Amino acid sequence: MNTTAQHAGSETAGIVFQVRGLTKVYEMGEVKVQALRGVDWDLAEGELIVLLGPSGSGKSTLLNIMGGLDTASGGTVTYRGKELTLATEQELTEYRRFQVGFVFQFYNLIPSLTARENVSVVTEIAKEPMEPENALALVGLSERLDHFPSQLSGGEQQRIAIARAISKNPAVLLCDEPTGALDSQTGVVVLEALERVNRELGTPTVIITHNADIAAMADRVVHLSNGMIVNIATNAARRPPAELRW
Amino acid sequence: MKSLDKKLFRDLWHMKGQALAIVLVIMSGISTFIMFLSVMDSLMLTRGRFYGEHGFADVFANCKRAPESLKERIAAIPGVALVETRVAAEVKLDIPDFSEPVTGHLVSLPDDRPPLLNTLYLREGRLPEPWRDNEVVVSEAFAEAHRFHPGSSFGAVINGRWKTLTVSGIALSPEFVLAVRPGAISPDFKRYGILWMGRKALGRAYDMEGAFNDLSLTLSPGGDAGEVIRRLDRVLDRYGGFGAYSRKDQMSHRFLSEEFKQLQQFARIFPLIFIGVAAFLLNVVISRTVATQREQIAALKAFGYTTTDVAVHFVKLVLLVVALGTIAGILLGIRLSHGLGNIYMEFYRFPYFLYVLRPGVVGLAAGITGGAAVLGTIHSVWKAVRISPAQAMRPEEPAQYRKTVAERIIPAGILSQPTRIILRNLERRPVKAFLSIAGIAMACAIMVVGEFFGDTVNYMVDIQFRRVHREDMTVTFIDATSGKALHELQGMRGVEYAEPFRTVSVRLRSANRTYRTAIRGIAKESSLYRLLDEDFRVKAMPEAGIVLTDYFSKVLGVRPGENIIVEVLEGGRPVRTVPVAGFIREYLGLMGYMDLDALNRLMREGHAISGASITVDERLQPSIYRTLVEMPRVAGAVVRKDEIRNFYDTQAESMLFFTFVATILAGVIAFGVVYNSARISLAERGRELASLRVLGYTRGEISYILLGELGLLTLLAIPLGFLFGRWLSDYVAVAIESDLFRIPIVIESATYSLAASVVVVSAAVSGLIVRHRLDHLDLVEVLKTRE
Ligand SMILES: Nc1ncnc2c1ncn2[C@@H]1O[C@H](COP(=O)(O)OP(=O)(O)OP(=O)(O)O)[C@@H](O)[C@H]1O
Ligand SMILES: [Mg+2]
């Protein structure tokens, strides 16, 4: 186990994300919130990472910047050799459209679209997507295809958000608390789906969670605290989600 | 983008009430736009076609009596194409079962050939036989007013001889599209008619065989009307010419032109208000809808939808609403056009109404609304996508509120908590509040303008017919006669008092500006016809000089004390320089006034009068009229009360139509603005209100928070609307003023209260609808889902 960030060779093949000195400051009037204070970190091809940390430690901020949803205040994020921090608006849009599968912490479903349509809204613009029905089946929602978000429980809404992320067969999966609203049994179903995508397709995956038990399914566990990476732990072996209980 | 389109339709369905309100407002805007512009185009086209097909002349002239041989000389004037000579005369008519004075304008038709100019469009029957002096074709409006058909007959006094005339046919003429008795202010279909008779028969009756007293001609291409008129006047001078004039001074044509000008102004003002309000509403609704969807937009962006994709999505939504409103507006506009067209066709006797709706008009209407809507949408979307998706997806922070000015002024304890919420909300978003107020105020203003016409017409009638004219009857003589005729009138049974007047056709000239009109000579200390100054005080007629309608200061650019040149167009045709003694306030027409003796001195004609104003014993009025018909030197008589009644009769329908349209439209706008504001507030604040309900507030209390705010906005909007309405009325009045009439700005308090009522009622209706929704607010659902 390492206590400092791992500094792999900067031009290493097989590195998906290379994060260097990443900072993020939110300015709200006079108040400045330093959400990230210099994050250095690499994500390798095929890896499944669990990102742990207390509330407000900057997990979502880091993931958002990696997903092209937000801009950094300083430092660089390189995705497969391309520097996201220098990307144009159009390049970022294409990056989000064709590369990233994102699960939002607050689901962000479109209230006027059914479960199926909330997935197809993404698959319609992807290159080689799954059928929306198949994606929903992976998260156990085959029975709820034509329900509107307001007719679904919080957990069900969250599962649509996950189906939506994996449905486009993304090149990288970024999940912000994908199991936050789920009981352990459903949580396992969802994690299995994510794990399968990672295992079978080799999609590099980052999962944010508050739940340390989930860390066992990861290749590596990144601990964030107060905007900095305080620890990166490598698991000797990944435990299948089915064996996880919380 | 299948799923996005589904979202589009569902979002639209979700806001169907709002969408409907916008559709209605757009519909109103587009329909009035189309109505005014297409009716104007149609009337232009119809007039052009009618004039063209029926050879409407370019120049007209009258004289006492000229030999037919003069025609050759006139035709030889450079610039003249076709010349037609006629015999024309004013005759007194005696219509069975109609005991009021009726005047006919009798015009000759060539016996041996169809007329070259001003040809008739025969609606019914046939032309009169050339040799028959008892057959006439009558104008359609007159025939309709008296239910004449071919075969009907009535009495006429032709050159002093009583005759029975039989209607052979009913016709229309480009010359008399609007038949207005000279000196009258509105057409009177019952009391003024045009009659056509064969030239020989009419010539014989008036001792005009081989002679004419009426002439019309067309100009050859490039012909200069001014030059032709000058030459024509010289030719006709010896024969008692009254001064030639071009189309623009021809009665019927002038009224039409004024009406077109008025329509054009309306077409400029009203639709712009509507389209403006519609665009504003769309803009508000869209920007607020986009704002409520800000997280969805962020999510779409996060999935990789481009800003353009998102913009296109909302533009589609907006265009759908605009398209619905536009189509409905076009259809309604076409219907309204026919309504308005029919009203005009009652006045303006065209043989047909050629309806045209130029694609350009539709395009412009659709373009303005569509353009405003699209721009507004793009602006809102741009605002929404400017922030990074990560930021936009975070729940919005609680808005910043603070204590309001009102709360600081009004002691605590008086304002309830809900009232404080209302005040804080208004103060927090002053722009939004102001825009809502402005929208509602517009509705109020439209009502005021719609009603204003009625008020102003009442006022004009009061001034003109009650304060200026005070006689019961005006009697005119065939020619200027000696003062003896007055004694004759005074001696009649039932005539209480008679006062002479003289009218003289003149051309007034100042520098290079001229105006063809008449001077009325008024007896000293006249009590039946009074001049009113700018403040409506009775003005004494100065001994010398001419008093002019105030609008002359604009038309001729003269000021009191300056001299103008008076070219008399009759009698010895003297040309004199006369000082302007002052101005009087008059809303209808343009006239000059002089002391009767001074006018007679100017004419060098001793004591002559052209008519008299009389007061009569009302019970004897019919018998007085009988006697007048039989008096050879009396050309006609007009009863003041009839004139007023007729004025209202002819104006009422179009006024009602405008008021009706204005009321509906104002209601729609008020409803649209209030309803939309309420619904958007509901969407934005549903959670807050539901939370309050959960905390134990009653339905009434939360309704008060939302609707009380709107009520307050409506109340604030009304006085502003009065102000707007007043400005708009001012603008309209100035825009349509002409030498035919000027519109005084008179707005009755009844108009203001009606405008306020329409706005309040529309607001209340939309409030009730929203209240219904509030009562059915699903607390659980509102709290569970995040918008
Ligand atoms: N848009 C923003 N404006 C201002 N401050 C922000 C914004 N977004 C995040 N922050 C602040 O940045 C810090 C990190 O936020 P972030 O959402 O990354 O935390 P997190 O680790 O995901 O927390 P949680 O586990 O609660 O989701 C927090 O202090 C948060 O308040
Ligand atoms: Mg977070």
Does B:Val457 count as among the hydrophobic types (A, V, I, L, M, F, W, C), closer than 27 Å to B:Ala184 by Cα, within 36 Å of the chain's Cα centre (by Cα) and not assigned by TED's automatic domain parsing to the domain that holds B:Met594? yes
Condition check for B:Val25: touching a Gly at 6+ places or on another chain (Cβ under 6 Å) and away from chain A (no Cβ under 14 Å): yes
Restrict the check to the stretch A:150-166 and report whether at least one residue is in a loop (DSSP other than H, G, I, E, B) and in contact with a Ser or Thr (Cβ under 9 Å, 6 or more places away or on another chain). no
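Matching residues to (1) within 30 Å of B:Ala291 (Cβ to Cβ); (2) touching a Ser or Thr at 6+ places or on another chain (Cβ under 9 Å); (3) among the acidic types (Asp, Glu):
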position: B:Tyr355; (1), (2), (3): no, yes, no
position: B:Pro359; (1), (2), (3): no, no, no
position: B:Ala365; (1), (2), (3): yes, yes, no
position: B:Thr369; (1), (2), (3): yes, yes, no
position: B:Ala372; (1), (2), (3): yes, no, no
position: B:Val385; (1), (2), (3): yes, yes, no
position: B:Ser388; (1), (2), (3): yes, yes, no
position: B:Gln391; (1), (2), (3): yes, no, no
Among residues belonging to the stretch A:79-107 that are aromatic (Phe, Trp, Tyr) and at negative phi, point out the one that is farthest from the other protein chains (Cβ to nearest Cβ). A:Tyr79
The one condition A:Leu43 fails out of (1) away from ligand 2 (no atom under 16 Å from the Cβ); (2) within 14 Å of chain B (Cβ to nearest Cβ) is (2)
Test B:Asp550 against the stated conditions and say whether it is loosely packed, with under 13 Cβ neighbours inside 10 Å and not hydrophobic (A, V, I, L, M, F, W, C). no
Could you pull out every one of the strands (runs of 3 or more DSSP E) wholly within the stretch B:72-135 that has 1 or more residues that are under 34 Å from the mean Cα position of the chain (by Cα)? B:88-94, B:102-109, B:121-125
I need the helices (runs of 4 or more DSSP H) fully contained in the stretch B:220-339, keeping only those with at least 1 residues that are within 14 Å of chain A (Cβ to nearest Cβ). B:251-292, B:294-303
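Table: residues versus (1) touching a residue at least 24 places away in the same chain (Cβ under 8 Å); (2) within 14 Å of another protein chain (Cβ to nearest Cβ); (3) not in a helix (DSSP H, G or I).
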position	(1), (2), (3)
B:Ser681	yes, no, no
B:Leu715	no, no, no
B:Pro744	yes, no, yes
B:Ser757	no, no, no
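Every residue, every condition in (1) without any contact (Cβ under 8 Å) to a residue 60 or more places away in the chain; (2) buried (at least 23 other Cβ atoms within 10 Å of the Cβ), yes or no:
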{"residue": "B:Pro96", "(1), (2)": "yes, no"}
{"residue": "B:Leu109", "(1), (2)": "no, yes"}
{"residue": "B:Val138", "(1), (2)": "yes, yes"}
{"residue": "B:Gly151", "(1), (2)": "yes, no"}
Of everything in the stretch A:124-141 that's part of a helix (DSSP H, G or I) and modelled with pLDDT of 90 or more, which residue is farthest from the other protein chains (Cβ to nearest Cβ)? A:Ala137
The lone condition A:Val172 fails out of (1) buried (at least 24 other Cβ atoms within 10 Å of the Cβ); (2) modelled with pLDDT of 90 or more is (1)
Name the residues in the stretch B:1-18 that are away from chain A (no Cβ under 14 Å) and either free of Cβ contacts under 8 Å to residues at least 40 places away in the same chain or surrounded by 21 or more Cβ atoms within 10 Å (Cβ to Cβ) (or both), would you? B:Gln18
Specify which of the listed residues (B:Ile644, B:Ile614, B:Ile624) is more than 30 Å from B:Thr714 (Cβ to Cβ) and in a strand (DSSP E or B). B:Ile614
Qualifying positions in the stretch A:171-189 - touching a Gly at 6+ places or on another chain (Cβ under 8 Å) and over 15 Å from A:Val206 (Cβ atoms): A:Ala181, A:Leu182, A:Asp183, A:Thr186, A:Val189
Residues in the stretch A:108-123: is at least one among the aliphatic types (A, V, I, L, M), more than 13 Å from every other protein chain (Cβ to nearest Cβ) and touching a residue at least 12 places away in the same chain (Cβ under 8 Å)? no
Inside the stretch B:505-581, counting only strands (runs of 3 or more DSSP E) that do not spill past its ends, which hold 1 or more residues that are modelled with pLDDT under 90 and aromatic (Phe, Trp, Tyr)? B:513-522
Positions within the stretch A:47-78 being away from chain B (no Cβ under 14 Å) and more than 9 Å from ligand 1 (Cβ to nearest atom), in sequence order: A:Glu47, A:Leu48, A:Ile49, A:Val50, A:Leu52, A:Gly74, A:Gly75, A:Thr76, A:Thr78
Yes or no: the stretch B:722-743 includes at least one residue that is touching a Cys at 6+ places or on another chain (Cβ under 8 Å) and within 29 Å of B:Ile286 (Cβ to Cβ). yes
If you scan the stretch A:183-218, which residues turn out to be within 16 Å of ligand 1 (Cβ to nearest atom), at pLDDT below 90 and assigned to a loop (DSSP other than H, G, I, E, B)? A:His210, A:Asn211
B:Ile609 fails exactly one of (1) outside any strand (DSSP E or B); (2) farther than 25 Å from B:Asp533 by Cβ; (3) among the aliphatic types (A, V, I, L, M), namely (1)
Whether any residue in the stretch A:68-81 is under 16 Å from the mean Cα position of the chain (by Cα), within 16 Å of ligand 2 (Cβ to nearest atom) and buried (at least 17 other Cβ atoms within 10 Å of the Cβ) is what I want to check. yes
Neighbours by Cβ (under 9 Å, 6+ apart or cross-chain): first from the stretch A:175-190, touching a residue at least 24 places away in the same chain (Cβ under 8 Å); second of a type in the set (Lys, Arg) and within 16 Å of ligand 2 (Cβ to nearest atom): A:Asp176/A:Lys59; A:Glu177/A:Lys59
So for the stretch B:188-210 (the condition being assigned to a loop (DSSP other than H, G, I, E, B) and in contact with a Gly (Cβ under 8 Å, 6 or more places away or on another chain)), does at least one residue qualify? yes
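The values are calculated or read from the model by the stated rules, or taken from the named source; none is laboratory data. Because the structure is predicted, anything quoted here is derived from the model rather than measured. Ideal geometry is used to build each Cβ from the backbone, glycine not excepted, and the neighbour counts take in all protein chains shown.
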